[in-house]
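S.K.: What follows is a single structure, and I will ask about it in a moment.
The values are calculated or read from the model by the stated rules, or taken from the named source; none is laboratory data. A quick note: this is a predicted structure, and the numbers were derived from the prediction, not measured. With ideal geometry, Cβ positions are generated from the backbone for all residues, glycine too; neighbour counts draw on all protein chains shown.
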Amino acid sequence: MHILPTQRQAGVCLHLTSLPSPYGIGELGSGARNFVDKMVEMQLSVWQFLPIGPTAYGDSPYQPLSTFAGNEMLIDIGDLINMRLLATDEVTELTTLPERYVDYGALIPIKNRLLSLAASRFKDAADDALKTDFDGFLSRNNAKWLHDYAVFRILKTRHGERPWSEWKPEYVHCEPAALHDLEETAAEQIEYIKIIQFLFFRQWWMLRDYAHANRISLFGDMPICIALDSSDAWANREILRIDKDGKPDSVAGVPPDYFSKDGQLWGNPLYDWDNHATNGYEWWVARLRATAELADLVRIDHFRGFESFWSVPAGSDTARNGAWEPGPGDAIFDAMRNALGTLPIVAEDLGVITPEVEALRDRHQIPGMVVLQFDVCDADFSLGDVPENCVCYTGTHDNDTTLGWFRGSLDDIRSADEIEATQKAVLELTGGKPETVAMDLVVSALATDARIAIAPMQDYLGLGSESRINTPGTPSNNWRWRLELSQLSHHLCDNVASIVTASGRELQNDRHRPHR
């Protein structure tokens, strides 16, 4: 059974951090609901966002401190003021932060202090219904991931935010006596972290309900790998190929490709797939279940790693010297389907894709991806080649914006001749002009048979490389771009709505919602 909608739909990729807000970063409250309203104006019915876990070094959503926890920085400050957990005059420092980009270095300490203050007031300010909701949140999650995450965050802070492999040995090795003492001496701080997580998920559920009420589907993103410096790795090290001190034998990456001549050395620990097989992939079942409760569809990043993955010896300087090793294959999807039913998965099947990877995807009827920026220069490619059971993109969060890609940015690995060939191919494919290339490629994606066609918000706005959100292989200055409220003008919304309607992908009152 295919999980994509029966009617063709149009969507937008915009990460939550990029939303407009007065508090230095996109948030889950009024700014997110306003964006849903704008999507309705634009006749867009799918909102794709990046992973929403708590970030650490490099601020990457693909290296979260937990695969189950929510990013506390996304909690809406206005909602906390309405709940009387914070006062307006207490948050003025946040209003001095930039609105056009996220300044994580300035934002994080200010917002963490405010969130701790709000959590300290929760028991006195919350009414009985809210306290009951919090108790229910604890009962559903405490034993699964929440308590481990709270303890992990306390220990990480006490060790100067260093990776857990560099903590005191009794904490590296999770000695019961040491953890028991910590749970007693830091009980209040541990409770605060749990309250903050509750506030995040409460706001997420409200956003999810608002989106569904407006016929908008939420499309999440799940990195295949987890970070070594995460509560998942610290508390569940048996699922990874690491030793008792947290040291990996090999790490994840990809071989040289379009984005990097040396490949990409991610550094994530590799899974011990034999261990997962012995317990029926229960950790993965829990992971997908938790993500599917938040979103209608889930893109699994680097899907090909389930068939085979690029293993790089620990300590390598680049990913060049890696080798392919076999992944779990059919077994993991069989286990997840047996536990969860229909899988709401979209495969990120880009890069070096073999017939074996395609066969694995197709056996489980998992939709794939088509990215026009990658395919447009293929002499044999046409828009009619795009299959129904896929999601078609102009570009992804890892690509330059369409305008920047078309023009050729300063750090472009393509030669001048390659850029010129790209420009010629794009204009032939779209039948458009250089000055309207971004929207012309959006129109091309919408014209395909793909059940869902998505463009990054930057492409709807026709923005250049200065608005790129991520450049793979670079350690800094990513994930910072933000949308300005003034850019969501009625003129823009009307223009997008007209091309979506012309493509036959407008919002439908009785449209099929993806299975959950």
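Residue by residue, here is whether (1) on the phi > 0 side of the Ramachandran plot; (2) assigned by TED's automatic domain parsing to the domain that holds MET369; (3) of a type in the set (Lys, Arg); (4) not in a strand (DSSP E or B) holds:
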| position | (1), (2), (3), (4) |
| --- | --- |
| HIS2 | no, no, no, yes |
| TYR23 | no, yes, no, yes |
| GLY31 | no, yes, no, yes |
| MET39 | no, yes, no, yes |
| LEU44 | no, yes, no, yes |
| PRO51 | no, yes, no, yes |
| GLY58 | yes, yes, no, yes |
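S.K.: Here are the criteria: (1) over 27 Å from TRP283 (Cβ atoms); (2) in contact (Cβ under 8 Å) with a residue 40 or more places away in the chain; (3) surrounded by fewer than 18 Cβ atoms within 10 Å (Cβ to Cβ). Tell me which single one ALA118 does not satisfy.
M.R.: Condition (3) is where ALA118 drops out.
S.K.: Out of the residues in the range 355-377 that are of a type in the set (A, V, I, L, M) and buried (at least 17 other Cβ atoms within 10 Å of the Cβ), which is nearest to the chain's Cα centre (by Cα)?
M.R.: MET369
S.K.: Restricting the range 385-404 to residues that are at pLDDT 95 or above and assigned to a helix (DSSP H, G or I), which is surrounded by the fewest Cβ atoms within 10 Å (Cβ to Cβ)?
M.R.: By that ranking, first place goes to GLY404.
Let's see how each residue does on (1) modelled with pLDDT under 95; (2) touching a helix residue (DSSP H, G or I) at 6+ places or on another chain (Cβ under 7 Å); (3) crowded, with 24+ Cβ neighbours inside 10 Å:
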site	(1), (2), (3)
PRO20	no, yes, no
GLY24	no, yes, yes
GLY31	no, no, no
VAL36	no, yes, no
MET39	no, no, yes
GLN43	no, yes, no
VAL46	no, no, yes
PRO54	no, yes, no
TYR57	yes, no, no
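S.K.: Still on this model: Among (1) surrounded by 21 or more Cβ atoms within 10 Å (Cβ to Cβ); (2) farther than 28 Å from PHE49 by Cα, there is one condition TRP310 misses while meeting the rest; what is its number?
M.R.: The failed condition is (2).
S.K.: Before we move on, is THR342 farther than 26 Å from ASN399 by Cα and either crowded, with 19+ Cβ neighbours inside 10 Å or not assigned by TED's automatic domain parsing to the domain that holds ALA450 (or both)?
M.R.: So THR342 passes the test.
S.K.: Right, something else. Does VAL352 meet the test of being at pLDDT below 95 and within 23 Å of the chain's Cα centre (by Cα)?
M.R.: Considered against the rule, which asks whether it is at pLDDT below 95 and within 23 Å of the chain's Cα centre (by Cα), VAL352 comes out as yes.
S.K.: With in contact with a strand residue (DSSP E or B) (Cβ under 8 Å, 6 or more places away or on another chain) and at positive phi as the only criterion, which of GLY504, GLY431, GLY473, GLY462 stands out?
M.R.: GLY473
S.K.: Looking only at the range 28-58, count how many residues are of a type outside the set (S, T, N, Q) and farther than 16 Å from LEU488 by Cβ.
M.R.: 12
S.K.: Also: For the range 424-432, indicate whether the set of residues that are within 20 Å of GLY504 (Cβ to Cβ), among the charged types (D, E, K, R) and in a helix (DSSP H, G or I) is non-empty.
M.R.: No, the range 424-432 contains no residue that is within 20 Å of GLY504 (Cβ to Cβ), among the charged types (D, E, K, R) and in a helix (DSSP H, G or I).
S.K.: Another question, then. Within the range 277-308, count every residue that is assigned to a strand (DSSP E or B), touching an Asp or Glu at 6+ places or on another chain (Cβ under 8 Å) and either in contact (Cβ under 8 Å) with a residue 60 or more places away in the chain or within 16 Å of LEU340 (Cα to Cα) (or both).
M.R.: 4
S.K.: Another question, then. For ILE499, indicate whether it is in the same structural domain as GLY105 (by TED's automatic domain parsing) and outside any loop (DSSP other than H, G, I, E, B).
M.R.: yes
S.K.: Then there's this: Evaluate the following for ASP349: is it surrounded by fewer than 15 Cβ atoms within 10 Å (Cβ to Cβ) and assigned to a loop (DSSP other than H, G, I, E, B)?
M.R.: So ASP349 does not fit the description; no.
S.K.: Among the residues of the range 65-78, is there at least one that is out of contact with any Gly (no Cβ under 7 Å at 6 or more places or on another chain), part of a helix (DSSP H, G or I) and either of a type in the set (Lys, Arg) or farther than 20 Å from ALA32 by Cβ (or both)?
M.R.: Within the range 65-78 (the criterion being out of contact with any Gly (no Cβ under 7 Å at 6 or more places or on another chain), part of a helix (DSSP H, G or I) and either of a type in the set (Lys, Arg) or farther than 20 Å from ALA32 by Cβ (or both)), the answer is no, since none of the residues qualifies.
S.K.: Taking the criterion of being polar (S, T, N, Q) and closer than 30 Å to GLU170 by Cα, would at least one residue in the range 145-157 satisfy it?
M.R.: Checked the range 145-157: at least one residue is polar (S, T, N, Q) and closer than 30 Å to GLU170 by Cα.
S.K.: Same structure, new question: Looking at this structure, is ASP380 without any contact (Cβ under 8 Å) to a residue 24 or more places away in the chain, over 19 Å from GLY462 (Cα atoms) and surrounded by 15 or more Cβ atoms within 10 Å (Cβ to Cβ)?
M.R.: No, not satisfied.
S.K.: Of all residues in the range 462-482, which are of a type in the set (A, V, I, L, M, F, W, C), under 17 Å from the mean Cα position of the chain (by Cα) and in a loop (DSSP other than H, G, I, E, B)?
M.R.: ILE469, TRP479
S.K.: While we're on this one: With the condition being closer than 13 Å to ILE195 by Cα and either modelled with pLDDT of 95 or more or in the same structural domain as ALA69 (by TED's automatic domain parsing) (or both), I'd like the helices (runs of 4 or more DSSP H) fully within the range 120-178 carrying at least 1 qualifying residues.
M.R.: Where helices (runs of 4 or more DSSP H) fall fully within the range 120-178 and carry at least 1 residues being closer than 13 Å to ILE195 by Cα and either modelled with pLDDT of 95 or more or in the same structural domain as ALA69 (by TED's automatic domain parsing) (or both), they are 128-141, 147-158.
S.K.: Listed residues LEU228, LEU265; which is out of contact with any Asp or Glu (no Cβ under 6 Å at 6 or more places or on another chain), farther than 21 Å from ILE52 by Cβ and hydrophobic (A, V, I, L, M, F, W, C)?
M.R.: LEU265
S.K.: For SER18, state whether it is touching a strand residue (DSSP E or B) at 6+ places or on another chain (Cβ under 7 Å) and not aromatic (Phe, Trp, Tyr).
M.R.: yes
S.K.: Another question about this same structure. Kindly indicate whether any position in the range 268-275 is in a helix (DSSP H, G or I), buried (at least 17 other Cβ atoms within 10 Å of the Cβ) and within 22 Å of the chain's Cα centre (by Cα).
M.R.: no
S.K.: Within the range 202-257, work out how many residues are touching a Phe, Trp or Tyr at 6+ places or on another chain (Cβ under 9 Å), outside any loop (DSSP other than H, G, I, E, B) and either over 25 Å from ALA295 (Cβ atoms) or among the hydrophobic types (A, V, I, L, M, F, W, C) (or both).
M.R.: 12
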